[in-house]
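The values are calculated or read from the model by the stated rules, or taken from the named source; none is laboratory data. None of the values given here were measured: they were computed from a predicted structure. Glycine also receives a Cβ, built like all others from the backbone with ideal geometry; neighbour counts cover every protein chain displayed. The area values use the complete protein model at the heavy-atom level, side chains included, leaving out ligands, DNA and RNA. Shrake-Rupley method; radii C 1.70, N 1.55, O 1.52, S 1.80 Å.
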Amino acid sequence: MEATREDIDGLFELQRIDLEIMRRTKELDELPQRGIIVAAREKRGAIEAQSAKVAELKRATSRKITRIDDEDASLAKKEAGVQAAIDAAHGDFRNVEARTKELAGIVRRRGTLAEDRAAVQAELDKIGNIEAQITLALEEVNAKEQEAIDSFQKQGGDLKLAIAKLEASRNQLVGKIDADLVKVYDRTSARAGGVAIGALDGNRCGVCRVTIDSGRLIDLRAQAPLGTCPSCKRLLIIE
């Protein structure tokens with residue numbers, strides 16, 4: 001295969017750049033911050049779902065207190081009216097007795113409502129504590145996510161910049177190598193996982209290390225300065 005010394009040196013440099021791009025791209029893809037960010041967002045979603053349930057429970061509990069307060073306010077008004085009727089009854093003992101029984105019933109009901117309200121308020125206080133815990137959990141998750149995002153942007157940004165510089169160098173280098181050789185190199189690199197070129201090492205491929213039999217070795221040397229390994233099909237420099 002026809003190739004100048006400059007072409008061969010360029011192919012080796014191209015391979016070095018490509019392997020470095022692959023390494024840094026892999027490093028970028030495997031940055032641990034990605035997993036931390038995903039986990040934080042999943043956790044926030046679960047916390048927010050719990051928060052929605054707690055908010056609905058709080059609204060329902062608050063409605064209970066409102067109903068109790070409304071009924072108590074109505075009974076307080078009624079109690080005042082009955083008491084006023086008793087005060088105005090003077091010597092009408094039957095009326096006073098009836099009104100007194102009615103008043104006692106109202107007082108008992110208001111007492112029950114006071115107990116109910118205290119119980120519901122205790123529920124509401126517990127819900128408030130849960131809300132505080134949820135708020136704290138959200139703050140912690142958001143802080144952890146933001147920390148991971150900041151770190152990812154810094155570390156990932158540095159890697160992206162390095163990759164961009166390598167790709168720019170590659171583009172410049174490609175223009176200095178025979179175009180047909182670059183095409184062969186690119187096809188071989190894609191098939192061979194990035195290592196497309198090596199050197200013949202005696203009777204072995206310098207990459208896959210397979211021994212080349214004498215007949216094929218003669219044919220390979222006839223391809224100098226650039227041939228193809230009969231085993232792994234990579235490009236081989238033949239001195």
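Only one of the listed residues (GLU56, GLU20) is closer than 30 Å to ASN171 by Cβ, at pLDDT 95 or above and either assigned to a helix (DSSP H, G or I) or not charged (D, E, K, R) (or both). That residue is GLU20.
Only one of these is of a type in the set (A, V, I, L, M, F, W, C), under 30 Å from GLY35 (Cβ atoms) and touching a Lys or Arg at 6+ places or on another chain (Cβ under 9 Å): VAL141, VAL210. Name it. Break it down stepwise before answering.
Details: VAL210 fails: under 30 Å from GLY35 (Cβ atoms).
On inspection, the qualifying residue turns out to be VAL141.
Of everything in region 188-226 that is surrounded by 19 or more Cβ atoms within 10 Å (Cβ to Cβ) and farther than 16 Å from LEU14 by Cβ, the residue that is nearest to the chain's Cα centre (by Cα) is CYS205.
Table: residues versus (1) open to solvent by less than 70 Å² (accessible area, probe 1.4 Å); (2) in contact (Cβ under 8 Å) with a residue 60 or more places away in the chain; (3) over 30 Å from ASP219 (Cβ atoms).
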position	(1), (2), (3)
LEU11	yes, yes, no
MET22	no, yes, yes
THR25	yes, yes, yes
LEU28	yes, yes, yes
PRO32	no, no, yes
ILE37	yes, yes, yes
GLN50	no, yes, yes
ILE65	yes, no, yes
ASP92	no, no, yes
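Scanning region 144-177 for residues that are open to solvent by 70 Å² or more (accessible area, probe 1.4 Å) and in contact (Cβ under 8 Å) with a residue 40 or more places away in the chain gives LYS144, GLN155, LYS160, GLU167, LYS176.
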